[in-house]
């Protein structure tokens, strides 16, 4: 005998039946008013819910339809009860939901949180995981608070799902290659029974794999860009090369190039250029008889004093002292 059979008097119900994963009970009475019957129905539902929790340690949700005049409306009542039950995604597990309480208010307009979605996608592309978590919490708080209609809520999460797939496709990776699963992803999504479950599912099953793709691509892209900039410096160190000039040639914004270099080389464009020119200056001091002023001019310094000051700052001595010490080392090596 089911819990409903024990708790609800036989003269007030039909035999409970199981439809798919839900147990359905038709309850009838001769109430003085609709509101009185609603109160009675809620009391019975609460009693069943409490007893199931106490004796079976199960957390159940119950959906209640509107009241109807006869059995010919049983199918309609069943559909309403099941529709009401769907809203446990929004209101939580172990709840009692009457269809009138969860129907959307008339003429209520809702707006999809596009700006939050854009921020999430930007954070995904930059692999900013902490930021993603915060934005994702805000996104689901927004749609769960705004979409009181279950169908609208499902449309919102489905839209988010589809847009994530598009974001992945923009990276050039097939979603089937990366996100394949059994059952299919859409079935997994629609089987979730709470907003929290949906948020956690998106984070682990959708967003994290996409973040990894963009992270790998960005790392490869950063390496390529930094190598191209370094090669430009090596080839054009004796010209008026600049961060802006390199950025224009690579078709990126200077601030982006600067960020890439700091990420990959741990140094700014100007500091790398200065160090490379210093190394070339050392080579010229060692291998040529060029004057200090000639070296300064070749390395694009405005005057010899600026070159000497820069060289001393980086090498710890003046160019003249460096050349003299090098000659002395060569002399001693020759004598030995």
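The numbers here are math on the coordinates, done by the rules we state, and not lab data. A quick note: this is a predicted structure, and the numbers were derived from the prediction, not measured.
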Original post:
By how many nm would the segment from residue 186 to residue 204 lengthen if fully extended, with 0.36 nm per residue of separation less the alpha-carbon distance?
Top reply: 5.0 nm
Subject >> Shape of the stretch 114-217, Cα gyration tensor, a/c cut at 1.5 >> reply: oblate
**OP:** Considering Cα pairs under 8 angstrom that are at least six residues apart, work out the relative contact order of the stretch 114-217 and quote it in whole percent.
**Re:** 39
Subject >> Estimated [θ] at 222 nm from DSSP helical runs (n ≥ 4, -39500 (n - 2.57)) normalised by residues in the chain, nearest 500 >> reply: -20500 deg cm²/dmol
Subject >> Relative contact order of the stretch 277-336, pairs being alpha-carbon contacts under 8 Å that are 6 or more residues apart, as % >> reply: 31
**OP:** Subtracting the Cα-Cα distance from 0.36 nm times the residue separation, let me have the gained length for residue 265 to residue 118 in nm, one decimal.
**Re:** 49.9 nm
Subject >> Computed lengthening from residue 29 to residue 50, 0.36 nm per intervening residue step minus Cα-Cα distance >> reply: 5.3 nm
Subject >> Label selected from [x] 56; [y] 60; [z] 71, the criterion being percent of Cα pairs over 24 Å apart as computed here >> reply: [z]
